[in-house]
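Visitor: Pasting a structure below so you can have a look.
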Amino acid sequence: MQFQISTLIFDMDGVITDTMPYHLRAWKAVFASQGIRASREDIYKREGQKGIDSVRELFKEKDKSYTDVIGKRLLCDKEELFKKIFKRKFIAGSRLFIKKFHAQGFKLGLVTGTSRHEAQKLLPKGLWDCFDVTVCGCDVQNGKPHPEPYLKAIAKLKVSPQEALVFENAPFGIRSAKAAGLRCLALETSLPSSYLKNADAVFSSFKQIESKVKFIRHSEAKVVLTDTHSCSPKNLKMS
């Protein structure tokens with residue numbers, strides 16, 4: 001199975017950086033201060049969403065009274081706690097994968113719900129500079145699962161949806177990419193494949209992607225899925 005490709009677009013948390021465990025600890029702590037017990041699923045399934053939207057939704061789900069004043073305060077508290085506890089860690093193979101395709105001349109984009117200021121702290125400059133375009137949480141009105149982040153990325157990259165391929169790890173990110181008309185490969189770094197079923201294919205790691213997917217970039221670049229037995233492909237369309 002093959003389709004034309006010139007551009008790779010990456011989510012950050014859980015795809016490049018192994019930061020979700022620290023986000024989870026910080027979220028659970030601030031929600032607990034409000035008498036809300038937030039589960040791992042509550043947090044991980046919302047990865048990529050704007051923080052204030054996550055707070056508002058959790059309060060509603062847990063039947064707690066919410067105001068924007070409370071929401072903004074909790075979001076500030078969460079961000080401050082995250083800064084104190086996080087350690088810079090990366091998803092295995094992510095940095096080499098990005099640098100490899102940057103060197104091969106693919107266009108690269110980064111689409112994250114994290115603020116630009118924080119994203120630049122999480123990624124080393126040498127990795128940040130690999131991206132031709134970055135779209136951060138502060139750059140959009142509507143965060144994931146709305147298509148705006150990915151639509152903005154492909155507009156800035158000056159490519160059509162058919163030319164780009166997205167790497168995600170969470171349901172909201174996948175929904176955002178698909179709503180923007182993009183193909184999406186999912187990684188099981190945060191959630192099992194049952195949560196990622198809307199992606200075009202699901203993989204356990206970058207190592208598996210490299211072993212199962214062949215990336216070719218000539219004047220007419222193509223990605224060829226060479227083996228579908230060990231991954232979970234879905235709806236990969238011929239170009």
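Visitor: Applying the selection to segment 1-22, what residues are in contact (Cβ under 8 Å) with a residue 24 or more places away in the chain and open to solvent by 20 Å² or more (accessible area, probe 1.4 Å)?
Guide: If the condition is that a residue be in contact (Cβ under 8 Å) with a residue 24 or more places away in the chain and open to solvent by 20 Å² or more (accessible area, probe 1.4 Å), then 1, 2, 4, 6, 18, 22 are the ones that fit.
Visitor: Of everything in segment 119-135 that's buried (at least 19 other Cβ atoms within 10 Å of the Cβ) and modelled with pLDDT under 95, which residue is nearest to residue 171 (Cα to Cα)?
Guide: Per the criteria, the residue is 119.
Visitor: Next question, about the same structure. Would you point out which residue out of 181, 173 is open to solvent by 10 Å² or more (accessible area, probe 1.4 Å) and among the small types (Gly, Ala, Ser)?
Guide: So the residue among 181, 173 that is open to solvent by 10 Å² or more (accessible area, probe 1.4 Å) and among the small types (Gly, Ala, Ser) is 181.
Visitor: Mind counting the residues in segment 186-202 that are closer than 17 Å to residue 149 by Cβ and buried (at least 23 other Cβ atoms within 10 Å of the Cβ)?
Guide: Total meeting the criteria: 2.
Visitor: Could I ask something else about it? Taking into account only those residues within segment 67-110 that are within 22 Å of the chain's Cα centre (by Cα) and of a type in the set (Asp, Glu), which is farthest from residue 130 (Cα to Cα)?
Guide: If we take residues in segment 67-110 being within 22 Å of the chain's Cα centre (by Cα) and of a type in the set (Asp, Glu), then 80 is farthest from residue 130 (Cα to Cα).
Visitor: Just name the residue that is surrounded by the fewest Cβ atoms within 10 Å (Cβ to Cβ) out of those in segment 102-118 that are assigned to a helix (DSSP H, G or I) and of a type in the set (D, E, K, R).
Guide: Looking at the filtered set, the residue picked out is 116.
Visitor: Residues in segment 146-163 that are at pLDDT below 95 and surrounded by 21 or more Cβ atoms within 10 Å (Cβ to Cβ): how many?
Guide: Residues in segment 146-163 being at pLDDT below 95 and surrounded by 21 or more Cβ atoms within 10 Å (Cβ to Cβ): 0 in total.
Visitor: Is there any pair linking a residue in segment 173-198 that is closer than 17 Å to residue 43 by Cβ to one that is basic (Lys, Arg) and surrounded by fewer than 19 Cβ atoms within 10 Å (Cβ to Cβ), with Cβ under 8 Å and at least six apart or on different chains, and which?
Guide: From residues that are closer than 17 Å to residue 43 by Cβ, the pairs are 191/45; 195/45.
The values are calculated or read from the model by the stated rules, or taken from the named source; none is laboratory data. This is a predicted model, so every value here is computed, not measured. Neighbour counts are summed over all protein chains in view; Cβ atoms, including those assigned to glycine, are modelled from backbone coordinates with ideal geometry. In case anyone asks, the SASA skips ligands and DNA or RNA and just uses the protein heavy atoms, side chains included. Shrake-Rupley method; radii C 1.70, N 1.55, O 1.52, S 1.80 Å.
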